[in-house]
1. Looking at the chain as a GNM with Cα springs under 10 Å, which of Ser164, Ser204, Ser278 has the largest mean-square fluctuation?
2. What nm value, rounded to one decimal, do you get for the distance between His353 and Glu121 when each label is placed 7 Å out toward the C-beta?
3. When Lys and Arg each count +1 and Asp and Glu each count -1, what net charge do the other residues less than 10 Å away from Leu400, Cβ to Cβ, add up to?
4. List the pairs from Lys2/Lys404; Lys85/Lys382; Lys85/Lys110; Lys58/Lys246; Lys85/Lys403; Lys215/Lys289 whose alpha-carbon separation is above 24 Å, in the order I gave them.
5. Counting only DSSP beta bridges with both residues in the chain, tell me the antiparallel percent, nearest 5.
6. Say R0 is 41 Å: what FRET efficiency, to the nearest 0.05, do Ile133 and Asn371 get from their beta-carbon distance?
7. What list of ³J(HN,Hα) values in whole Hz, one per residue of segment 130-136 in order, does the Karplus curve 6.51 cos²θ - 1.76 cosθ + 1.60 (θ = phi - 60°) give from phi, with Gly and Pro shown as x?
8. Can you put Lys58, Lys110 in order of Cβ neighbours within 10 angstrom, beginning with the fewest?
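Readers should treat all values here as calculations from the given coordinates under stated rules, not as data from a laboratory. Owing to the predicted nature of the structure, the values given are computational and were not obtained by experimental measurement. Note that we place each Cβ from the backbone using ideal geometry, even for glycine, and neighbour counts take in every protein chain shown.
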Amino acid sequence: MKRVVITGAGIYSCIGKNLSEVLESLKTGKSGIGIDPLRIPYGYRSPLTGIVEHPQLKGLLDRRMRIGLAEEGEYAFMATSEAFKNAKIDSDYLENNEIGIFYGNDSSAKAVIDTHGIITEKRDTQLVGSGAIFQSMNSTVTMNLSTIFKLKGVNMTISAACASGSHAIGLGLLFIRNGLQNMVVCGGAQETNYLSMGSFDGISAFSTRIEEPTKASRPFDISRDGLVPSGGAATLILEEYEHAVKRGATILAEVAGYGFSSNGGNISQPSDIGSIISMQRSLEDSHLKIADIDYINAHATSTPQGDAFEAKALDQLFGNVHTPISSTKSMTGHECWMAGASEIVYSLLMMQHNFIAPNINFETPDEFSKNLNIITQPIEKKLNIILSNSFGFGGTNSALIIKKL
């Protein structure tokens with residue numbers, strides 16, 4: 001079976017607009033959560049969100065390409081540009097080699113709503129503009145990135161709720177292992193505008209700890225009262241090992257295992273059993289044992305139910321070996337469709353720089369998290385093997401294992 005390695009990474013998030021900025025935030029436990037002033041007047045219960053700066057693409061892309069990009073596509077362009085640079089892949093290489101793309105995206109709400117608004121006001125669909133269709137389709141990220149970067153391989157958007165980015169990496173792994181591609185762009189993107197999250201707010205999914213925004217995301221803590229929505233984009237360049245060696249690429253890590261499952265229950269109900277199955281499959285796929293895992297980047301979003309079920313699963317599998325655990329969502333909030341990809345980037349940075357980023361705001365455990373080895377302060381630790389969990393609505397579960405070479 002072919003081995004699959006990571007040769008490039010890029011990130012654009014609320015804790016940094018590139019790898020360097022994100023690394024510093026992870027090392028210091030810096031939160032990217034703030035207040036969106038548009039949310040309360042619109043009707044939200046909670047104005048909390050990850051604050052992601054919109055990139056300035058003028059001068060980087062021509063107008064024709066810019067008008068087809070939805071917000072999450074802009075973030076994805078920035079992350080992918082950094083990932084290609086990080087992988088030492090230039091325009092000539094892109095032009096002359098086949099590269100595929102799997103990217104997680106589950107909504108393009110602002111583009112759809114803006115288009116509807118124009119038609120409603122003007123009663124003339126011709127005034128919408130040519131870019132509207134490319135912004136509003138769920139495949140907006142892959143169709144735009146494949147055009148901008150001249151990608152000629154597999155081209156698919158993965159829509160799997162909050163596990164989208166993780167499943168995108170898993171599919172990239174499978175395609176390369178099976179000899180269908182030598183190189184695949186994998187990642188996830190999430191819009192952060194207020195139009196995209198109203199329905200989540202409507203079911204009381206969000207924290208209302210408005211007076212202390214940076215303390216609102218509290219994975220595993222007994223006083224957690226909901227997640228904080230966030231977004232941006234994260235990109236990884238996956239490559240077949242021998243192919244990477246032949247072109248002289250710097251290998252950042254190996255993607256050693258991928259596990260998945262579906263809970264098969266209530267559409268919004270988490271499951272400790274489903275979580276366990278996906279983690280066990282990732283271990284079996286990587287031919288590793290529970291004791292081999294040096295650190296777990298938990299899915300934990302700061303919701304009462306979700307964190308409890310994951311804590312039960314983690315305790316059952318890893319409780320006896322006291323594996324260090326933290327949820328980077330304590331700093332970033334829940335980056336939704338991008339989270340499964342961004343948390344591999346965060347884990348990769350920890351692996352490269354020998355530290356564990358903290359689960360900030362974890363002050364008091366509940367009955368489910370009390371037995372877990374949750375890291376609350378940045379600590380130095382050599383990390384050779386990392387497990388990252390991603391679970392989503394509809395019961396979709398994904399677990400990835402990366403390994404230092």
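1. Largest GNM mean-square fluctuation: Ser204.
2. In this crude label model, His353 to Glu121 measures out at 4.4 nm.
3. -2
4. Numbers: Lys2/Lys404 17 Å; Lys85/Lys382 26 Å; Lys85/Lys110 30 Å; Lys58/Lys246 36 Å; Lys85/Lys403 22 Å; Lys215/Lys289 35 Å.
Exceeds cut-off: Lys85/Lys382; Lys85/Lys110; Lys58/Lys246; Lys215/Lys289.
5. 70 percent
6. Approximately 0.20, to the nearest 0.05.
7. 6, x, 4, 5, 6, 6, 8
8. Details: Lys58 9, Lys110 19.
So the ranking, lowest neighbour count to highest, is Lys58, Lys110.
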